[in-house]
Amino acid sequence: MAAKPSTVERQATRKAETTRQEILTAAAHLFSEKGYSDCNLRELAERVGMKAGSFYYHFKSKEEILDELLVGAIALVSEAVERAVRDQGSDAPYLDRLVAAMRAHITPYIEWRDDSAAALMRVWEHTPPAMRHRKLEKRREYAQIWYDLIEEGIDRGVIRPGMNLRILVPFLLGSMSRVQEWFSPKHMTIDEVCDHVIRLLLEGALAPGYRL
């Protein structure tokens, strides 16, 4: 039977995890501010107050950092959307579940717009094409949640029949993800933004007789 980690070992592990998260947070901001290609590990190490040698203990390359950030960015929104739909319950009206999913996608982009999570989600725009390609499978998995949800709406007669999902789903996701670029807390609340954006995006897709 393996020996349990000592108190010192547990503290060291927690410290390493904290430092690793600090590096990821700093990298998310730096990549978002300057673009991935224009950043280097020395600059990143300086931002978190570390020497290069210590930095390499946590990450071996800039690519490794970006890889973890991309996985985290997709997971943040994916988990929020799945949780929102699940919390509605399987017996909830379809439109309630769809609107909950849309709110869950929109909210992180504006609720966290000034912290590391928002910066993390913007990293994708600065990602080299080759690395984007390697992460496409994760994005497809997330998009599949929406394809399934919209297809259910068509089957139930809530979404207009004949809608091209290959147009509708990317349009919905792209429009919702861009909210952070124009959102201003001085002029609107998060709830107001969600209400207006969801109404604008769905009105043309709902079948006759269905309204929000």
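The values are calculated or read from the model by the stated rules, or taken from the named source; none is laboratory data. It should be emphasised that the depicted structure is a prediction, and the values quoted were computed from it without experimental measurement. With ideal geometry, Cβ positions are generated from the backbone for all residues, glycine too; neighbour counts draw on all protein chains shown.
Restricted to segment 173-189, and to residues that are of a type in the set (A, V, I, L, M) and out of contact with any helix residue (DSSP H, G or I) (no Cβ under 6 Å at 6 or more places or on another chain), which residue is farthest from Leu95 (Cα to Cα)? Talk me through it step by step, then tell me what you get.
Step one: of segment 173-189, the residues of a type in the set (A, V, I, L, M) are 173, 176, 179, 188.
From what is left, the residues that are out of contact with any helix residue (DSSP H, G or I) (no Cβ under 6 Å at 6 or more places or on another chain) are 173, 188.
On the way: Leu173: 17, Met188: 24 Å.
Going through the qualifying residues, I end up with Met188.
Do we have any residue at all in segment 88-104 that's β-branched (Val, Ile, Thr) and modelled with pLDDT of 90 or more? Walk me through it before giving the result.
Of segment 88-104, the ones β-branched (Val, Ile, Thr) are 99.
If we keep only those that are modelled with pLDDT of 90 or more too, we end up with 99.
Within segment 88-104, one or more residues are β-branched (Val, Ile, Thr) and modelled with pLDDT of 90 or more.
Of all residues being in contact with a helix residue (DSSP H, G or I) (Cβ under 7 Å, 6 or more places away or on another chain), over 17 Å from Glu17 (Cα atoms) and of a type outside the set (Val, Ile, Thr) in segment 68-81, which is surrounded by the most Cβ atoms within 10 Å (Cβ to Cβ)? Just the residue, please.
Filtering first and then ranking leaves Ala73.
Could you please let me know if Asp195 is of a type in the set (Asp, Glu), modelled with pLDDT of 90 or more, more than 21 Å from Glu82 (Cβ to Cβ) and surrounded by 11 or more Cβ atoms within 10 Å (Cβ to Cβ)?
Details: of a type in the set (Asp, Glu): yes; modelled with pLDDT of 90 or more: yes; more than 21 Å from Glu82 (Cβ to Cβ): yes; surrounded by 11 or more Cβ atoms within 10 Å (Cβ to Cβ): yes.
So Asp195 fits the description; yes.
Does Ser61 satisfy the criteria of being of a type in the set (S, T, N, Q) and loosely packed, with under 13 Cβ neighbours inside 10 Å? Break it down stepwise before answering.
Numbers: of a type in the set (S, T, N, Q): yes; loosely packed, with under 13 Cβ neighbours inside 10 Å: yes.
Yes; evaluated as a whole, the condition is true for this residue.
Considering only segment 37-52, I want to know if a residue exists there that is surrounded by 13 or more Cβ atoms within 10 Å (Cβ to Cβ) and modelled with pLDDT under 80.
no
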